[in-house]
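The values are calculated or read from the model by the stated rules, or taken from the named source; none is laboratory data. Computed from a predicted model, the values in this text were never measured in an experiment. Cβ placement follows ideal geometry from the backbone for every residue including glycine, while neighbour counts extend to all protein chains displayed. All accessible areas refer to the heavy atoms of the entire protein, side chains included, with ligands and DNA or RNA removed. Shrake-Rupley method; radii C 1.70, N 1.55, O 1.52, S 1.80 Å.
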Amino acid sequence: MPATIVETNPTPFKKIDIDPVTLDIIENALRNARIEMDATLVRTAMSPGIREQGDAFPLIADHSGKMIVGQFGSFIDGFLRGFDGTLEDGDMIFLSDPYSCEGAISHSNDWLVLLPVFKDGRLLAYTAMFGHQSDIGGKVVGSMPINARSIFEEGVRIPPVKIWRKGEYNDDLMKLVMHQTRKPDWCQADLNALIASCRVAARRVVEMAERFGDDVYVSATQELLARNHRAMKALIGMAVAEEPVSFEDYICDDGMGYGPYKIKCTMRREGEKVVLDFAGTDPQSAASINFYLNENMFKMFFGIYMIMVFDPQILFNDGFYDLIDVRIPEGSLLKPKFPAALSGRTHALGRIFDILGGLLGQKTPEFLNAAGFSSSPHLFYSGNDQRAGKGGEWFQLFQIGFGGIPGRPLGDGPDGHSLWPGFTNVPNEFLERYFPLLIERYETEPDSGGAGLHRGGNGIHMTYRFLSPGTISIHDDRWFVPPWGVNGGHPGMRAKKLLEKVDGSVEIIGNKVEDVHVEKDDQLHFITWGGGGWGDPLERDPALVGKEIVQGLVTAKGALDYGVIANDNGEIDDVATEKLRAEMRSKRGELKLFDYGPSIDDLRANCADETGLPAPTQPVWTTLQAAE
């Protein structure tokens, strides 16, 4: 049964015509409230993932549950359909099970808090925040087992429950939940931060309603939704053709030796609506790389991408959802059946953005982005600190790394950056202060960004020296299938991980590995992928290439991909450069709209020589699975 909203005042809100000044004030007040949610979170949370990296996502929705400001779009309609209970003034919902909210959160590490905001007996709004918890129990430290065969192996699953009921805190529930985690101090602080953020936003919403009137506030939210609807309607008509276009990309492997896994999407316009159909996507994996993709979340991804590429001034919200029809096959990698494991879903999540770029740019190549975001590299390091004075105390680190952002129509892709605007790196000083390690190297990897008129962003080369024996795990992708370039741009370099032992030996380890033992003074070289290049690299200014040699972003050898002859000091041989570029133009043929690099068969055949790792084995599904 759907949720029951208990309102003591049944009077409906009146529609009020909103003047532009009032609308602008309320819009910016909502923006500020969202920013205040983030500020409250980072001042209260304890885990590095939330406090230092910002791995949390706020939401302020209208009284019907549509997002007005936020980042991942609203999940509230799906929650309301599945929550068999009441929502009353003083209630607050807490949950972490993706299967209980139609994938609004996509793995159990994400804890979500939802606060219905009542005023004078009427439901005025919702505020919500979810954030990634560093540990929720389960079979491995960090609660993201690569080899999990079901969600039951990934830690505590929390169905929608009331953490506050009519203003009374459920202390016994919290004791039960915190008993499951290896880091209850972090988890309790992070949960309190989520709660505080929601309450701050709720206060700001009530203050706005008190200042302008309930009817004016609600009418303003509806106009913001309608304005976004009008803008997106125009963008869809401009950028999406009625003739279908398809695009596919691959997750390299599942960490269990199988791969790659295909994600395919076909896009077309039917009247005013855009249809996004994932038919042709591979069936779900037996391992944990499945991504339970909420349709509304994907609608928001589509909207964010459209807005960022075509009109960044638009405040994105849920107003355009009825213009998008998302179709995801049941039992596929993007809609796995319960109890499929979900903890490694970040690779598919990142790949979705690459696929959107490939779809939207086919009609308008001038707006086409290369591949780059692609994944969310994770490192886990844990053990008992053996340094003097530490007494063998338990430690565990969860850190998100960054790769190269793709080359873009407007310029180069940023080096070693996150596509999510709110994400930041964990400062090296923080890592060295709170964990037994030293950061020996933290710099971009030269030549890892694909060559182009606009260079793909370089990946990161980060070297950790471990100061205490322990265990590491790694979650990354783009080590087998490279990030593709566009409009003549070249693919980016693939990721790799090297473990340099204290005896000087070096071992190539996989990009999805679990429970790798490290000794004191072992070093991990964590190298992420680069973004694909955009445009003809032979059109890039040779002086800029020379400058980047000096900056360590490109090597003299890598400059040859741009047809540039230079020495290690970045000094250009203009005559030799012109001659080389003329030769390269005469031999290369027509520029490719997409440059994927070698075929899957060639990648598989050359994998051991090129990466030092065995090629993944192609997954085989039953006829029934493939049909589903």
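From the list E102, E88, which one is at pLDDT 95 or above and either open to solvent by 10 Å² or more (accessible area, probe 1.4 Å) or under 14 Å from A196 (Cα atoms) (or both)? Step through it out loud before you land on a result.
Working: E102 fails: at pLDDT 95 or above.
None of the other options fit; the residue is E88.
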So, first residue under 11 Å from I474 (Cα atoms) in segment 394-405, second residue assigned to a loop (DSSP other than H, G, I, E, B) and of a type in the set (S, T, Y), Cβ within less than 7 Å, six or more apart or across chains; the pairs are F398/S134; I400/S376; G401/T528
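Determine whether F130 is among the aromatic types (F, W, Y), under 27 Å from I289 (Cβ atoms) and open to solvent by 30 Å² or more (accessible area, probe 1.4 Å). Spell out how you get there, then give the answer.
On the way: among the aromatic types (F, W, Y): yes; under 27 Å from I289 (Cβ atoms): yes; open to solvent by 30 Å² or more (accessible area, probe 1.4 Å): no.
The answer is no for F130.
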Report, ordered by the first and then the second residue, all pairs with beta carbons closer than 9 Å, sequence separation of six or more or different chains, a first member in segment 219-230 that is without any contact (Cβ under 8 Å) to a residue 60 or more places away in the chain and more than 15 Å from A209 (Cβ to Cβ), and a second member that is of a type outside the set (A, V, I, L, M) and open to solvent by 10 Å² or more (accessible area, probe 1.4 Å). R230/G319
For R433, only one of the following conditions fails: (1) within 20 Å of R465 (Cβ to Cβ); (2) more than 17 Å from the chain's Cα centre (by Cα); (3) open to solvent by less than 50 Å² (accessible area, probe 1.4 Å). What is its number? (3)
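Limited to segment 527-552, what total is found for residues that are over 25 Å from the mean Cα position of the chain (by Cα) and open to solvent by less than 50 Å² (accessible area, probe 1.4 Å)? Break it down stepwise before answering.
As a first pass, look at segment 527-552 and keep what is over 25 Å from the mean Cα position of the chain (by Cα): 535-552.
Applying the additional criterion that residues be open to solvent by less than 50 Å² (accessible area, probe 1.4 Å) yields 535-538, 540, 542, 545-546, 548-549, 552.
So the answer is 11.
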The listed residue being at pLDDT 95 or above, open to solvent by 20 Å² or more (accessible area, probe 1.4 Å), in contact with a Phe, Trp or Tyr (Cβ under 8 Å, 6 or more places away or on another chain) and more than 25 Å from E248 (Cβ to Cβ), out of E519, E571: E519
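Examine segment 445-465 for a residue that is among the polar types (S, T, N, Q), open to solvent by 10 Å² or more (accessible area, probe 1.4 Å) and out of contact with any helix residue (DSSP H, G or I) (no Cβ under 7 Å at 6 or more places or on another chain), and state whether such a residue exists.
Restricting attention to segment 445-465, the residues satisfying the condition of being among the polar types (S, T, N, Q) are 448, 458, 463.
Now drop any that are not open to solvent by 10 Å² or more (accessible area, probe 1.4 Å), which leaves none.
Looking for residues that are among the polar types (S, T, N, Q), open to solvent by 10 Å² or more (accessible area, probe 1.4 Å) and out of contact with any helix residue (DSSP H, G or I) (no Cβ under 7 Å at 6 or more places or on another chain), one finds none in segment 445-465, hence no.
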Per the filter on segment 3-16, residues under 15 Å from E88 (Cβ atoms) and open to solvent by 80 Å² or more (accessible area, probe 1.4 Å) are E7, T8, P10
Residue satisfying condition, being of a type in the set (A, V, I, L, M, F, W, C), under 27 Å from F402 (Cα atoms) and either open to solvent by 60 Å² or more (accessible area, probe 1.4 Å) or without any contact (Cβ under 8 Å) to a residue 12 or more places away in the chain (or both), within set L524, L591, L613, L560: L560
Of all residues being among the β-branched types (V, I, T), open to solvent by less than 30 Å² (accessible area, probe 1.4 Å) and not in a helix (DSSP H, G or I) in segment 158-195, which is nearest to D38 (Cα to Cα)? Just the residue, please. I163
The number of residues in segment 254-311 that are open to solvent by less than 20 Å² (accessible area, probe 1.4 Å), in a strand (DSSP E or B) and farther than 20 Å from R230 by Cα is 5
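So, A388, is that one part of a loop (DSSP other than H, G, I, E, B), among the small types (G, A, S), surrounded by fewer than 21 Cβ atoms within 10 Å (Cβ to Cβ) and at negative phi or not? I'd like the intermediate steps shown before the answer.
Values: part of a loop (DSSP other than H, G, I, E, B): yes; among the small types (G, A, S): yes; surrounded by fewer than 21 Cβ atoms within 10 Å (Cβ to Cβ): yes; at negative phi: yes.
It is true that A388 is part of a loop (DSSP other than H, G, I, E, B), among the small types (G, A, S), surrounded by fewer than 21 Cβ atoms within 10 Å (Cβ to Cβ) and at negative phi.
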Would you pick out the residues in segment 479-509 that are within 24 Å of I405 (Cα to Cα) and either open to solvent by 20 Å² or more (accessible area, probe 1.4 Å) or at pLDDT below 95 (or both)? N487, H490, P491, M493, R494, K496, L498
Picked from segment 387-430 (must be among the hydrophobic types (A, V, I, L, M, F, W, C) and under 14 Å from the mean Cα position of the chain (by Cα)), the residue farthest from R51 (Cα to Cα) is I405
